[in-house]
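For reference, the structure discussed in these notes is given below.
The values are calculated or read from the model by the stated rules, or taken from the named source; none is laboratory data. None of the values given here were measured: they were computed from a predicted structure. Cβ placement follows ideal geometry from the backbone for every residue including glycine, while neighbour counts extend to all protein chains displayed. What goes into the accessible areas is simple: the full protein's heavy atoms, side chains included, and nothing from ligands, DNA or RNA. Shrake-Rupley method; radii C 1.70, N 1.55, O 1.52, S 1.80 Å.
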Amino acid sequence: MKRTICTGLALAALLVASTASAAAIRPGFNSQTLNRNDDGSTGLVPLGFNVDFFGLVFNSAYVNNNGNITFDQRLSTYTPFNLTSTGRQIIAPFFGDVDTRSAGDPVRYGWGTVDGQNAWGATWVNVDCYSSTSARQVRNSFQVILIERADTGPDNFDIEFNYDSIEWEAGQASGGNFQCLGGNAARVGYSNGTGDAGTFYELAGSDVNGAFLDSGPANTSLIQNSLNSTVLGRYVFNARNGIIEPPCNDLDADGVCAEDGDCDDYNASVFPSAPEVCDGLDNDCDGIIPATEADDDGDSVPNCSDICLGDDASGDDDGDAVCNDIDNCVWDSNSDQADADGDLFGDACDVCPLDIANDADGDTFCASEGDCNDANDTIFPGAPETCNAIDDDCDGIVPATELDDDGDTFAECQGDCDDAASYSYPGAAELCDREDNNCDGILPWNEIDDDGDAQTECEGDCDDADAANFTGNLEVCDGQDNNCDVAIDEGFPNFDGDALADCVDPDDDNDTVDDGNDYCAETLVDDWAAGVPSQSLGSNRWMYDAAEDVNNDGSFTQGESGNGNGNGNGNGNGNNGNGNNGAAGWTYSDMAGCSCAQIIVEQSLGNGHTKFGCSNSAMEDWATLMGN
């Protein structure tokens, strides 16, 4: 018997991939409900007509919860078995572990018509997998319909599988995970249970994980394909005279499979008895290309449509009725062949229809369109300006920042921070001019006038933290180098000749007594030099002897009897005062900065003191008078 000719895409031929869901399920066929259950079935349900299923005629069937109908007896098996080797009489649109107890919708079935023919169907819409739970959101929607086709012969019928959404493939008891993925995947097909050749069929992708899912491969996803139908998700099997012809591969959907004589199953205009058209092909698959479709000039255009026939195989690629070998725009249709600039490039394809140079630098701008340098592809109207002293954008202006105004070979865009001064540019030596000569953004520390005295350190300010000190300033007596000549308070009195002028020296006469407490300030007196005593220093008498003050602490010297020459006025022997100034000794501090000579004058003491030095009583009286 001749095989049934396919009317849609075959299994191995893919239609364009569908969206997330199909719309193949037919309305109706839901007047009866199989109560919510797991692995349950209906009793025998009358179909309303006879079906010849491979020589076995039936008029009723069982609806089984697990995605199939059977003719022999109920089926509670939940893990799908191989449909090509089973002894069961079964039609399975999706043989898998359906569980309707808690979530999703129950299975429904009923009667109706399809294209005017009586039909019966069972519908699994929004059904859950085992173990049913509302916590899982994946659901499947599919349908099987048996359609009476008595119009083609007694007991003939069609089987129709319809799929809207397939999101799970195996119940948890069949090895699936919580989302019912993995495990023993569902099977799709039929069997009359005899095992005879041609009495069973299983759809490609059966028992293959992920194959039937909406997100599965494009060549096996149930909603992305169809069989003998133009509706995605619909698979039709024609049972005629007790036989269902296995589907063929009609890859181009022209109604004829390759095994039935389609000589080019990738071209829908080629199949047996197709009309011949002017395309250079054997459209009717009779093995002959008509002479009028030959390509005598070898330009891949058949004679019947080649306006340039015999024209050196040039052809007319742009279809403007001008052959390629004379067409001034081979790929752009221009039947008028207009060429305004006469450069042999038609205006339709000439990038510069008014410029014979035709954009010499390839920047898509012509000289006639304002390209001010058609030999440089970085220069054209609107080009970005770069730091090159060139008018890149052809606006007639070189940006000021690109010009070297001061002639130091650096422009502002190259980092010249003062393009009016030739001594300031990147890398220049720093000068003492209070400017950032090397353009590093930093003014050197010694060019900054920190104290505001109008002079910086590099200009000679020796103390840039004090505005009173700078080169050329007037020196004042303040203990500082006001004029920055290294000397301090030069030209001011300095009684004791030390490093401090009297105006800042707390002890002008260097007698160890601060000037504020020194009654005899700036009058440091060596009593020997002053003639006191004029004879030898008397026993228990006092005087100041600078030579004896080895500690420079202003200690007076006390005389003792009988031990050496005196140091008086050079006349006679006397006692030598030898610095016995122990704990009971007197100091300049005790005497308020006055020597014995000064004490004698201030207290109008007699000659005895002048001859022999100041007595203890004189010293005590003076100390008392001075408040010491």
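Summary table
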read-out: Descending Cα extents along the principal axes, the stretch 422-555, whole Å; value: 86, 24, 20
read-out: Top positive-direction residue, dipole computed over the chain with Cβ charges, set V256, T42, F237; value: T42
read-out: Kirkwood-based Rg to Rh ratio, the stretch 327-483, C-alpha trace; value: 1.46
read-out: Space enclosed by the convex hull of the alpha-carbon atoms of the stretch 312-375, per residue, Å³; value: 80 Å³
read-out: Fraction of accessible area attributable to carbon and sulfur, the chain (%, probe 1.4 Å); value: 50 percent
read-out: Histogram of C-alpha separations across the chain, 20 Å bin width, %; value: 13, 18, 12, 14, 10, 10, 12, 9, 1
read-out: Degrees separating the helix 616-625 axis from the principal Cα axis of the chain, which is the longest one; value: 50 degrees
read-out: Kirkwood hydrodynamic radius of the stretch 31-76, Cα pairs, Å; value: 11.3 Å
read-out: Where C323, C263, C349 fall by accessible area, highest first, once all protein chains stay in place (1.4 Å); value: C263, C349, C323
read-out: Over the stretch 208-292 - Rg/Rh using Cα atoms and the Kirkwood inverse-distance radius; value: 1.10
read-out: Sequence of C308, C417 when ordered by accessible area, the most exposed leading, probe 1.4 angstrom; value: C417, C308
read-out: All-pairs alpha carbon distance profile, the stretch 8-167, 5 Å steps from 0, percent; value: 2, 9, 17, 21, 20, 16, 10, 4, 1, 0
read-out: Surface per residue (accessible, 1.4 Å probe) for the chain, Å²; value: 46 Å²
read-out: Theoretical ellipticity at 222 nm over the chain - DSSP helices of four or more residues, -39500 (n - 2.57) apiece, nearest 500; value: -1000 deg cm²/dmol
